[in-house]
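First the structure, in the form of structure tokens, and then the observations on it.
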């Protein structure tokens, strides 16, 4: 720091010293205002009044060659170029000139500028270029100039490039253009160019007139033809003699201006007709015999103008007598000469006809034989015996079948020779009347006997056919079944092997016929008496009246909702009989029902068409129903109303008869209804869907309105826990489902779910598995875990907010695999090899921790119902659809009629799907997720016992305890028959026993057409048909059916219950067999007073139109210190439902 300061100080003072020194020096020179001691005088600059002019020079010369003349100045002196060696560019550049005064002592020189004209220089061309040849008509622009040299750089060009010179060699003007066009002039010259003749264009060659073979081309006139210039067409070689046909010959076009144009040669087709030769003598014909063709007559002699041959024009002709017949001369040179036809006389002599008799042996008649050639009468064979007529010498071939009418060929007799398989072809030359015989080994069917003549109802009976006959006959028969006295009863079924399945109910007899395959005219039959099984001892039946006090026996209350029906097709009369505990407004068309305008859409069920009201719902089983008609009518009859709210996100708009896939937009569908609504399937088999329109919303918006349900995970649209009640209410009323529920709850004519005047329960939509199929016009994509779960929770929250007393059920899923996977998973699996199974591509399940779909659904509802969220139960019923009726002969027994007893037994056994851990169904394999303990990578997965109700209950216990279970669609078929009634009664007993909390049967057709099914409900809900509360007990009693060495459940099923209102003990016994069974019913832990009788109600095939009250049954009191009362040795009719009501 000190050093820097020191240097700075010195430097500043140095500058100051220099300043003062300069001041002092000035003072020293000038003194005090005066001049110094020495002075300097400055020169003057003369004034130039006119600059000189410069003479012109040529580019390249220096200024020294330009003379300056003139010019004046204020003093004497001279002008000269400042730089005389400069060579300026062409033009009039301004160049520097200096004026030098004569007195250079006192005057300065003066410098100015003078313009000088510099003319361009003319280059020297030392060699002119050569020109490329062109064709006449082209301009010089088409000729290329090559070579040429000049003293400066530049190029040679045609002076007039548009000139089109004449043919020959001409001298044409060429100009050399220097590259430096400013300083150099162009140089003109001339160059020779060769102009060749042009070739004209022939746009159309002429037509040639026809000539005859032998003429030259000179005889063919050429007419027409056009070319680009005037000229004439002529044959190139007119002396040519072309061959017959349409040869192509050379033609030359010669221009009129032959100097400037070339000739052009082409080809023209001409027709050269054949020449007809001259026949100077026709040949003679040899004689033939009548019946022979002309081919047998030889032609001899004959001459013509050219070489050739004579032949019969139609050699196959058979002349009827001496006549003149056509002969054709064919020239050797057939290409250039025509054939010539004339006539020649032929003599026809009369032949001798002979008879060929064709017989057969064993059998003597009925054998078909073919003959070649045809005989004189055009016959080509016949059925033995028959005769043919031929002229002498004719060789005839006869062919016999190797087998006919059950007989096999053996041999021919009377033939000249035999050949073919087994010698079946006979060759004979007819020179006299001849007989030939084809011998067979005929077999005969004489009779058929069918046995046995009886069958026991409920069993299979194998029938046999004994076929009697002679020879090597076939024993094969075809079987047929008939029943003249059946009326409306089924005769049963008979297989192609004679295995008979009996019917039930059964006629007294049926006819079983066996017909010979070999001889269909022979058959035998048996009139088969159908006998019911003899009365047998049935299983021991036990009901424990002490069940409520025994935890080991699963005591529970039987929910009246378990006796539910779907309201679809339900009429008031049927409802009155069945007295269901619950009626469900459900099915495909309720998914898009619009409560605001009473409109719905039938979706894929009926041409995707919109209608007023839901179809055929109670109380209007044959018309449309408004929801506000349904639930008040349901409440009035004492049933709980179950409604359906949409979760798929669409409801029907107000356009009646609108449909998604119209004929005008999609004209290639499989079929249309009367409103031109299509079924949504193209003739190719491909489905149309909501994405088939012009935009993603075009198709859905034709029939529907988007009402997207609230996704519970969307915090911006769903009120969060802790929000005010008014916020919840406002939000719920703004949702579709919440608004719907609120419109009922706030209507003074209705009420909330618990009032008995409103809707008790709401399904969260219907069968999401098929949204992308049934409702594919608005929902074309498969459902996912998140869609069904999150939207379901949001919808449930809206319902519960609008009506806290309402019950909610979901996810209403059908299809076995959809219990475990989303439809997205299932469809992915169907397209994922190598197995292509529903479990093959479970990306959605994997993304949700591998949890089965229904379990995930329950877990999420439990989560959002918990204290960390909304602290209220959002799901009351785990509800599924269980279309798990078994298959018989490859088809489900559900939604069918009863069928034969084997099908009926399959149906009755199939109810085990709901509970039996030993029961499996080929249609219900294990879910086979990769983390399952029994997972297999094999494409054929093992079966799994469905145990539907225990499975649902285990999920609830694990994932959302306290949730009830429900199945609100199922169908096992046969509801028109006692078999269907027996099965339905068994199902209702199973539902009560297993503790299912809700169910709703889905009808096969109108309930009025399936009354036995209605009466099966009545046995539990209205057994005296008086609608006075006569019902099965609501408190479950443990009941068993037991026997040794047989399946007791498939003989007699027993269910117990006790009515809480009067303590009556009710016992339902179902006989599933086809014969009467006698059993004792033991009532454990119940001491009946002496003289106690049980009321007995029974439904059986004896009367399908009513429940019949039977004679009271004695209830025997316990003996000694025992506690078991009994109903002893009661006989239960075949296929019957019997109810005991024991007072307590």
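Across the range 682-798, the convex hull enclosing all Cα atoms gives 148 Å³ per residue.
Once fully extended, how much extra length lies between residue 305 and residue 830, figured as 0.36 nm per residue of separation less the alpha-carbon to alpha-carbon distance? Let's see the in-between values first.
On the way: separation 525, 0.36 × 525 = 189.00 nm, distance 8.53 nm.
Going from the current span to full extension adds 180.5 nm.
Its alpha carbons considered, the range 125-196 gives a radius of gyration followed by a Dmax of 12.4, 39 Å. Over the chain, what is the relative contact order in whole percent, taking alpha-carbon pairs under 8 Å and six or more residues apart? Taking the mean separation of contacting Cα pairs over the length of the chain, I get 7 percent. Calculated FRET efficiency, residue 1090 to residue 916, Cβ-Cβ distance, R0 = 41 Å: about 0.55 to the nearest 0.05. Whole-percent P(r), the range 353-440, all Cα pairs, 10 Å bins from 0: 19, 56, 23, 2. Among 528, 152, 956, 268, the ranking by other beta carbons within 10 Å of each residue's beta carbon, starting with the fewest, stands as 152, 268, 956, 528. Counting beta carbons within 10 Å around each of 817, 827, 903 and listing the fewest first gives the order 827, 817, 903. Fully extending the segment from residue 931 to residue 637, taken as 0.36 nm per residue of separation minus the present Cα-Cα distance, adds 100.9 nm. All C-alpha pair distances within the range 279-349, sorted into 10 Å bins from zero, spread as 22, 51, 22, 5 percent across the bins. What separates the Cα centres of the range 252-320 and the range 90-108 is a distance of 115 Å. Net length available on complete extension from residue 717 to residue 730 is 3.5 nm, with 0.36 nm assigned per residue and the Cα-Cα distance removed.
Which percent, nearest 5, of DSSP beta bridges in the chain are antiparallel?
Once the DSSP bridges in the chain are tallied, antiparallel ones form about 75 percent.
If you wrap the tightest convex hull around every Cα atom of the range 202-273 and split its volume per residue, you get 69 Å³. Could you tell me whether the range 617-659 comes out rounded, prolate or oblate from its Cα gyration tensor? Rule is a ≥ b ≥ c as square roots of the eigenvalues, rounded for a/c under 1.5, then prolate if a/b exceeds b/c, otherwise oblate. Cα axes put the range 617-659 in the oblate bin.
Treating r as the C-beta distance of residue 186 and residue 240 and R0 as 60 Å, the FRET efficiency rounds to 0.50. By the Kirkwood approach, averaging reciprocal distances over each pair of separate Cα atoms, the range 374-528 gets a hydrodynamic radius of 19.3 Å. Entry note: the range 487-603 has Rg to Rh equal to 1.22, where both radii use alpha-carbon atoms and Rh is the Kirkwood radius. I need the shape label for the range 527-681. Rule: rounded when a/c is under 1.5, else prolate if a/b > b/c, else oblate, with a, b, c from the alpha carbon gyration tensor. Prolate, since a/c reaches 1.5 and a/b exceeds b/c. Shown here: the range 48-119, whose C-alpha atoms stretch 39, 20, 14 Å along the first, second and third principal axes, sorted largest to smallest.
Could you check how many percent of all C-alpha pairs in the range 162-284 are farther apart than 25 Å? Result: 53 percent of Cα pairs exceed 25 Å.
Is the shape of the range 444-531 best called rounded, prolate or oblate, per the rule: a/c under 1.5 gives rounded, else a/b larger than b/c gives prolate, else oblate, with a ≥ b ≥ c the square roots of the Cα gyration tensor eigenvalues? Prolate. A Förster radius of 22 Å combined with the Cβ-Cβ distance from residue 203 to residue 161 puts the calculated FRET efficiency at roughly 0.15.
For the range 1021-1086 versus the range 827-899, the spacing of their alpha-carbon centroids is 34 Å. Computed over all pairs of different Cα atoms, the Kirkwood value for the hydrodynamic radius of the range 100-236 is 20.9 Å. Each of 390, 213 has some number of other Cβ atoms within 10 Å of its Cβ, and from fewest to most they run 213, 390. Computed from the C-alpha gyration tensor, the three semi-axes of the ellipsoid equivalent to the chain are 105, 79, 24 Å, from longest to shortest. Between residue 355 and residue 372, how many nm apart are label points set 7 Å from Cα along the C-beta direction? Calculated label separation equals 2.7 nm.
For the pair residue 1117 and residue 1050, label points projected 7 Å from Cα toward Cβ lie 4.2 nm apart. Placing a pseudo-label 7 Å from each Cα along the Cα-to-Cβ vector at residue 1060 and residue 486 gives an inter-label distance of 5.0 nm. Separation of the range 394-440 from the range 624-700 is 74 Å, based on Cα centroids.
Each reported figure results from applying straightforward, stated rules to the coordinates on display, with no laboratory input. Nothing here was measured: the structure is a model prediction, and the numbers come from that model. When we count neighbours, we look across all protein chains shown, and the Cβ atoms used for this are built from the backbone with ideal geometry, even at glycine.
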